[in-house]
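The values are calculated or read from the model by the stated rules, or taken from the named source; none is laboratory data. Quick caveat, the model's predicted, so the values are computed rather than measured. As a convention, Cβ positions derive from the backbone with ideal geometry for all residues, glycine included, and neighbour counts pool all protein chains shown.
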Amino acid sequence: MRVPAIFRAGALVLALVLLVAFAWRSPAMANDLVVDGVVALVNGKLITKYEYDERLRPIYEQTRGRQLSTDEISQITALRKKILNQMVDDILIEQDAERYKLKVTDAEVEQQVKEFLVKRKLSEDELKRQLTLQRMSREEFTRNMRRDMIRHRLIGAVVSSKVVVTDSEVEAAYKERKAEFSKDSMVQLGLILVPPKISPAELKSNIETGKLTFAEAADKYSQGPGVGHGGDIGFIAWKDLAPEWNAALAGLKPGEITNPVHVQDFAGLLQVISLKEGEELPLDSVREQIYQALHEAKFEKVFQEYMQKLREKAVVEYRNL
């Protein structure tokens, strides 16, 4: 997801997040790894230790020899679990695609590969060199491309088709949130990047019931920018906010807090500290922007409902984790 430049520049913890995006292994955690070759069964389909390790490999390489803190290890442990759950979700989507008998032809895959090369200005030889560095064959790359195309078609058919944003919804959002869609309008935000061991929903409840202020919670718990300043990350233009942040902040008044949002692989809480209005723009000039914001929020809701149904029907067995 996009995040404001001010956040990207200030969040030292994001460097760690990028490193641990696929999880991590160290000698101290070696005993936690599976040894029987299978980490999970999803409706009878195996997730092997080899496949799991391949997802973790970038972290194995980049963290080798490093001494990480207790907090970092806790974060990484949570991310390892999250990556495995993502692999489970991938299989559930693939199996649902099979149920719908979705297919992609060889010609369609090769066309997609050609477009991939053109977009990234790569030759076939350059692609092969990059794949070699990633220990991936051209055949594996093509299989992954086919799989992703099938997933996109499935999500388009099952999820996107259920997401409808009407003109009246766009007009209502414009009236309710004019400040967000004005030229140069900005919002001053507080941010708490919540540690994995703490429930963001419970932390939000504690703040709203007066057990501690947002600023106190940010200085005590946050692992992102603004620590020592009550979580204040300054003024950010509404147009620069990621769609999820924009949707979560919609309609909030100064002092109010969002529901948990995603910041890479962490949960975060945002508080509106103050609003700065800009020049009011006509509806037609921001109609597409409003539509995209509403569509993003609806799509995420429908997608999560779809995934929840797949998980409820699935038989998933985790092994040695």
>> Is it the case, given these coordinates, that Lys197 is crowded, with 17+ Cβ neighbours inside 10 Å and among the basic types (Lys, Arg)?
In response: no
>> Return the residues of region 194-215 that are of a type in the set (A, V, I, L, M) and at pLDDT 90 or above; say none if nothing qualifies.
In response: Leu203, Ile207, Leu212, Ala215
>> Could you check region 300-316 and list, in sequence order, the residues that are more than 20 Å from Glu94 (Cβ to Cβ) and surrounded by 15 or more Cβ atoms within 10 Å (Cβ to Cβ)?
In response: Glu300
> Out of all the residues in region 138-148, is one or more closer than 15 Å to Ala97 by Cα, part of a helix (DSSP H, G or I) and in contact with an Asp or Glu (Cβ under 8 Å, 6 or more places away or on another chain)?
Replying inline: yes
> Filtering region 264-321 down to residues that are among the hydroxyl-bearing types (Ser, Thr, Tyr) and not in a strand (DSSP E or B), which residue is nearest to Pro243 (Cα to Cα)?
Replying inline: Tyr291
> Can you find a residue in region 220-230 that is within 23 Å of the chain's Cα centre (by Cα), buried (at least 20 other Cβ atoms within 10 Å of the Cβ), outside any loop (DSSP other than H, G, I, E, B) and polar (S, T, N, Q)?
Replying inline: no
>> Given the condition over 19 Å from Lys298 (Cβ atoms) and buried (at least 19 other Cβ atoms within 10 Å of the Cβ), answer yes or no: does some residue in region 169-186 qualify?
In response: yes
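Condition first: among the hydroxyl-bearing types (Ser, Thr, Tyr), in a helix (DSSP H, G or I), over 14 Å from Ala293 (Cα atoms) and touching a residue at least 24 places away in the same chain (Cβ under 8 Å). Now tell me which residues in region 152-206 satisfy that.
Ser160
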